[in-house]
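These notes concern the structure reproduced below.
FYI, it's all coordinate maths here, none of it is from the lab. Computed from a predicted structure; not experimentally measured. For neighbour counting, all protein chains shown are included, and Cβ atoms are generated from backbone atoms with ideal geometry for every residue, glycine included.
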Amino acid sequence: MTTDPPHPVPAGRTEERAAEPNPLHAEQIRLLFRFSVVGTLATLLVVLLLGAILWDDLSNHGLFAWFVLVSLVTLGRYGLYKAFVQRERSAAEIEPWEIAFLTGVVLAGICWMTIGTALLPDLRSRPDATVRLTRAD
């Protein structure tokens, strides 16, 4: 009794992947890249929305530099994704791609940490940014 795999692999790739030293790890990295595009594009959308919200505060050179940097990191991560999916990668090629992926993730994390801890303007001094809840009796 034979069972078919739930997701058939294209012909010719089954033998290649069976010969890989660590096929599970290689497939995990492939999936990281395959599913990263949604998060990367969502990050770019959030950066654009945040830029619209903080438009008046962009005269702060540090904040403006952050927007440029996070946009470049995000576009770099998308470029890395596009380069990776151009062709099938063997397990021998996976390690440099894994390091590049992790480097992009760490750079993006540092960018978001920086705006959250040092660059956001003090919104308490802006009356238009304060949300007021009133109770009507």
* To do: Grab the beta carbon distance between His25 and Leu49, set R0 = 22 Å, and tell me the FRET efficiency rounded to 0.05.
  => 0.05
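If you take the square roots of the eigenvalues of the alpha-carbon gyration tensor of region 22-119 and sort them as a ≥ b ≥ c, do you get rounded (a/c under 1.5), prolate (a/b over b/c) or oblate?
In terms of gyration-tensor shape, prolate.
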